[in-house]
């Protein structure tokens with residue numbers, strides 16, 4: 001099965017073959033053969049170098065390890081790598097851990113109870129991500145407030161954390177409301193929560209919360225976005 005090719009084609013979505021090939025830094029003809037899994041010159045399965053995989057993975061914002069995992073935990077022997085590839089296969093980490101995909105994150109409920117009640121599926125992440133006791137969760141998005149980058153029903157994986165840097169995309173709980181996924185800008189006297197799509201159907205507008213409101217409502221950062229999984 002052409003795991004990598006199918007994954008790349010689904011990943012680029014509406015982006016043209018030429019545009020994505022340019023983003024990767026490879027020819028569009030080679031990218032086309034990778035997606036199809038066949039070398040048009042020979043009619044045989046296409047051979048892919050590790051250097052090419054690195055370029056494709058980088059264009060997707062992930063490591064080769066992530067690319068292998070997200071493409072369906074493909075076996076290395078099924079990649080049909082070039083015989084000239086210098087690859088230490090033992091360095092490609094195969095271990096993964098599962099994180100819960102939550103359909104919603106209601107306010108006022110302990111996170112452990114949320115995971116027990118609202119988990120609808122699981123996503124896999126590299127085991128190395130969890131080093132040092134780091135924890136993750138995933139959220140299935142609803143609505144269009146973060147379009148065009150994030151669409152309805154996409155999944156975003158978050159690093160569980162109560163803090164963030166200004167400008168990061170975060171999962172935020174405002175008392176009395178479900179958690180919301182917004183861009184967070186930290187200011188001396190408070191924080192600004194902004195949708196990427198100001199014309200969203202929910203009517204959510206850029207909202208400023210003072211330091212007092214952050215404490216009294218409260219407004220809580222519960223996770224920083226680490227990976228976006230679109231309609232793959």
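Read the figures in this text as sums done on the coordinates, not as results from a lab. All values reported here derive from a predicted model rather than from experimental measurement. Positions of Cβ are generated from backbone atoms using ideal geometry, with glycine treated the same way; all protein chains shown enter the neighbour counts.
Estimate the FRET efficiency between residue 39 and residue 14 by the formula 1/(1 + (r/R0)^6), using the beta-carbon distance for r and 35 Å for R0, to the nearest 0.05.
After rounding, the FRET efficiency stands at 0.85.
Could you give me D for segment 168-232, from Stokes-Einstein at 20 °C and 1.002 mPa s, where the hydrodynamic radius is the Kirkwood radius over C-alpha pairs? Units µm² s⁻¹, please. Please report the intermediate quantities before stating the final value.
Details: Rh = 12.6 Å.
So the translational diffusion coefficient is about 170 µm²/s.
Over 10 Å intervals from 0, what percent of Cα-Cα pairs in segment 96-229 sits in each interval?
12, 44, 35, 8, 0
Please work out the Cα center distance from segment 1-68 to segment 111-186, rounded to the nearest Å.
29
By counting other Cβ atoms within 10 Å of each Cβ, how are 199, 28 ranked from fewest to most?
Values: 199 10, 28 15.
The order, fewest Cβ neighbours first, is 199, 28.
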